[in-house]
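Asks: First the structure, which I've put down as structure tokens, then a few questions once you've had a look.
Just so it is clear, none of the values below were taken in a lab; they were calculated from the coordinates. All values derive from a computational prediction rather than experimental measurement. Ideal geometry is used to build each Cβ from the backbone, glycine not excepted, and the neighbour counts take in all protein chains shown.
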Amino acid sequence: SNVDMSSKDANTDYSILSNKYSNLDIELIHENLIVETWDKNTTEITIVSSLDKDKRPKIIMDDNTLRIKIPRRTNLKFSKQNDSVTIKIPEYLAKNLNKIDIEIVSGKTKVSNINSLITHIDTVSGAVNLNNNEFSQLKINSVSGELVVKDSTIEEIKAGSISGVIDVNGDITKNFELSSVSADLNVRTNTMPSLGGDFESVSGDVKAYIP
């Protein structure tokens, strides 16, 4: 069901949720996305948008899933680069998420201090920054957006890009598969992946630091 939003001002909507959920399903276009934890027992969602209210992202709660979806849009000429969606998740939920799905076109994505079993992120040109997370399975795809994973513990990671740099730094415990066409690949893991890893770039540089 749709979640009602309150307004802080003409460009800012927010909602406080007490619902429990195990999944995140997020679909955005130009909005920057921030997903992080905080020390309260509720989830706070803040949407800053230069668009009319009927064109802004909508919040939906159903099937144990928090969804943030974009309505059908026909005109984005008034959108601004500082439009954003910020999700603050209580720690007891953030440490036990089952699945995260993020699809974003040009906005930047930043996810911090989250634990998730299955995480899929798809972007076209928006940079992805994942910091201090724990993922069992992480899959990221990009056309030209930079993909950065830092200070995270990951069992399995699969990341692919056409021209966006891929930079992974953390603990990869099982295996990794990184590929690009023209971008550089950098991987540094503090532990030896039990099943090894593969990386390939057609014309980009590849650097790997594995104990």
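Asks: Cross-link list K8/K110; K69/K95; K99/K174; K69/K174: which exceed 28 angstrom alpha carbon to alpha carbon?
Replies: K69/K174
Asks: Given [x] 21.2; [y] 18.4; [z] 17.6, which label gives Kirkwood radius over Cα pairs in Å as computed from the coordinates?
Replies: [z]
Asks: Give me the one-decimal nm value for the distance between modelled label points at S182 and E200, 7 Å along each residue's Cα-to-Cβ direction.
Replies: Label-label distance for S182 and E200, simple model: 2.0 nm.
Asks: Show me, for segment 23-30, the HN-Hα J-couplings you get by feeding each phi into the Karplus relation (A = 6.51, B = -1.76, C = 1.60, θ = phi - 60°), rounded to Hz, glycine and proline as x.
Replies: 10, 10, 10, 10, 9, 9, 10, 9
Asks: Just to check I understand the Karplus step: with θ = phi - 60° and J = 6.51 cos²θ - 1.76 cosθ + 1.60, what whole-Hz values come out for segment 89-105, glycine and proline as x?
Replies: Once θ is set to phi - 60°, the couplings for segment 89-105 become 10, x, 4, 5, 8, 5, 8, 9, 6, 8, 8, 10, 10, 10, 10, 8, 8 Hz.
Asks: Something else: Using 7 Å Cα-to-Cβ label points, what is the K99/K40 separation (nm, one decimal)?
Replies: Distance between the two pseudo-spin positions: 2.9 nm.
Asks: Turning to a different aspect of this structure: What is the extension gain from N82 to I16, computed as 0.36 nm multiplied by their sequence separation minus the C-alpha to C-alpha distance, in nm to one decimal?
Replies: Roughly 21.6 nm would be gained on extension.
Asks: Quick query: amide H of S201 versus all other amide H atoms, modeled in the peptide plane; which residues come in under 5 Å with a sequence gap of 5 or more or a different chain?
Replies: Amide H neighbours of S201, under 5 Å, 5+ apart: S180.
Asks: Counting only residues 5 or more places away or on other chains, whose amide H sits under 5 Å from the amide H of I100 once H atoms are built in the peptide plane?
Replies: L24, I118, T119, H120
Asks: What does the helix-only formula give at 222 nm for the chain: each DSSP H stretch with n ≥ 4 adding -39500 (n - 2.57), the total divided by the residues, and the result rounded to the nearest 500 deg cm²/dmol?
Replies: It comes out at -500 deg cm²/dmol, rounded to the nearest 500.
Asks: Students often check this: by mean Cβ neighbours within 10 Å, which of 4-10, 113-119 ranks highest, and how do the rest follow?
Replies: Ranking the peptides 4-10, 113-119 by packing returns 113-119, 4-10.
Asks: Additional query: Dividing the alpha-carbon radius of gyration of segment 112-211 by 2.2 N^0.38 Å (N being the number of residues), what value is obtained?
Replies: Cα-based Rg divided by the globular estimate yields 0.95.
Asks: What residues have an amide H closer than 5 Å to that of I172, excluding those fewer than 5 places away on the same chain, when H is modeled at 1.01 Å from N in the peptide plane?
Replies: Residues meeting the amide H criterion: I154, N190, T191.
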